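Have a look at the structure below before the remarks.
Nothing in this text is a laboratory measurement; each read-out follows from the coordinates by a stated rule. Here the structure is a predicted model, which means the values were calculated and not measured. Neighbour counts run over all protein chains shown; Cβ positions are idealised from the backbone, glycine included.
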Amino acid sequence: MTWIASTNAERRTQLGQFLLGTGNIGGIGLATGPGIGLSPEEGLQLIERAAGAGFRVFDTADAYTGGTSQLVVGTWNKAHPDRTVLTQTKTGVTDKGPNLTPERIRRQLAQSTAVLGHVDLYLAHVVDPETPWEKSLPVFHDAIEDGTISAYGLSNVDAPQLAAALDAADRLRIHRPEIIQNSYSLLDRSDDHEVLPLVHAEGLAYTPYSPLAKGLLAGRYSNGEVPAPGSRAGATGHTNAYLSNPEVMATIRRFDDLAKDLRISPAGLALGWLINHAVVTAPVVAFSRESHWTGVDEARELHWTPAVNGELDEMFPAR
């Protein structure tokens, strides 16, 4: 009982090399306010450009930007009823903590479907420690069975949580989660040891977010630059731990030098590593400036070699 293709090559054909992240339309993630993220008008222009560039999945969430992200994606979807781009959204994040109770999942899916026009891929945005998988997963199963969605997945899960979800689905004989979306980049390789081997063994799609580590792998902060208010790096406090770590910043400067030697931008090299990764299906990328498109284009055109992969593994070992 699967919808996502069985091999990574087939999944990349099905979902594309990149998913368009729209969590910066109307703000950045959960943060909203003047000067943060793209305006709705800019968001519509971004979506139109991405569709024209061959993106096959738009990624959003009911918690993003106070609902603006979903609203703008839905506006585009309803204006283009004949386009075949898939819509992926997520649920479970609330201002009171994780909530994946069956009642809330059903309510949020109905609301997201009304706003977006259609929901093709539906993800549990977080793990809810108060709601067992045995209670929440049947709601996703039912949504597949009644044709509301095509497949579902999990986000921000560790290996034991993922294994427990797969086991629960198998015991209940219901559709399994098929997509895993965690943070993953050269700077954040915490999934290497347990999550990615499990993803590979179970034949799941892996669509990581934050592929440039909030801009640290895009060459923006290599020489002591301070993240601007309203930027992704400025909106997330944990970025400061990297910026204040001399060893990490020295490695990032080495990475920048390697990109220069390869005649590619740091962003292009970081994204190139991901789309040539054996287990990664397609990273989620967001755009707010023209240079971001350059990184995607460079990654697609990069001639990947074992030597380059080896240099990056030496610079950024899995810890």
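Relative to the longest principal Cα axis of the chain, at what angle does helix 133-145 sit, 0 to 90 degrees, rounded to 10?
Roughly 80 degrees, rounded to the nearest 10.
If the reach is capped at under 17 angstrom between alpha carbons, list the aspartates and glutamates near LYS260, excluding any in the same chain fewer than eight residues apart.
ASP297, GLU298, GLU301, GLU311
For LYS96, give me every one of the lysines with a C-alpha distance below 30 angstrom, ignoring sequence neighbours fewer than eight places off in its own chain.
Within the straight-line limit of under 30 Å, LYS96 reaches these lysines: LYS135, LYS214.
Taking the beta-carbon count within 10 Å as an exposure proxy, list THR13, THR89 from fewest neighbours to most.
THR13, THR89
If we count other beta carbons within 10 Å of each Cβ, what is the order of SER6, SER136, SER288, fewest first?
Lowest count first: SER6, SER288, SER136.
Work out how far the C-alpha atoms of the chain reach from end to end along every principal axis, then list the three figures in whole Å, largest first.
Extents along the principal axes: 53, 42, 38 Å.
Cross-link partners among aspartates and glutamates for LYS90, C-alpha distance below 19 Å, same-chain residues fewer than 8 apart left out?
Cα-Cα hits under 19 Å: ASP59, ASP62, GLU103, ASP120, ASP128, GLU130, GLU134, ASP142, GLU145, ASP146, ASP158, GLU178.
Return the calculated 222 nm mean residue ellipticity for the chain, to the nearest 500 deg cm²/dmol, obtained by summing -39500 (n - 2.57) across DSSP H runs with n ≥ 4 and dividing by the residue count.
Computed mean residue ellipticity for the chain: -13000 deg cm²/dmol.
Step by step: find N for the stretch 8-181, compute 2.2 N^0.38 Å, then divide the Cα radius of gyration by it. What's the final number?
Here the answer is 1.01, to two decimals.
Which whole-number percent is the relative contact order of the chain (Cα, under 8 Å, 6+ apart)?
Across the chain, relative contact order equals 18 percent.
Could you please state, rounded to a whole Å, how far the C-alpha centre of the stretch 6-55 is from the C-alpha centre of the stretch 118-156?
Here the answer is 21 Å between Cα centres.
Would you list MET249, MET315 from fewest to most Cβ contacts within 10 Å?
Going from least to most buried by this count: MET315, MET249.
Among ALA114, THR89, ALA63, flag the residue with its Cα farthest along the positive direction of the charge dipole of the chain, charges on Cβ as +1 for Lys/Arg and -1 for Asp/Glu.
So the residue we want is ALA114.
Out of all DSSP beta bridges in the stretch 8-181, what portion is antiparallel? Express it as a percent rounded to 5.
5
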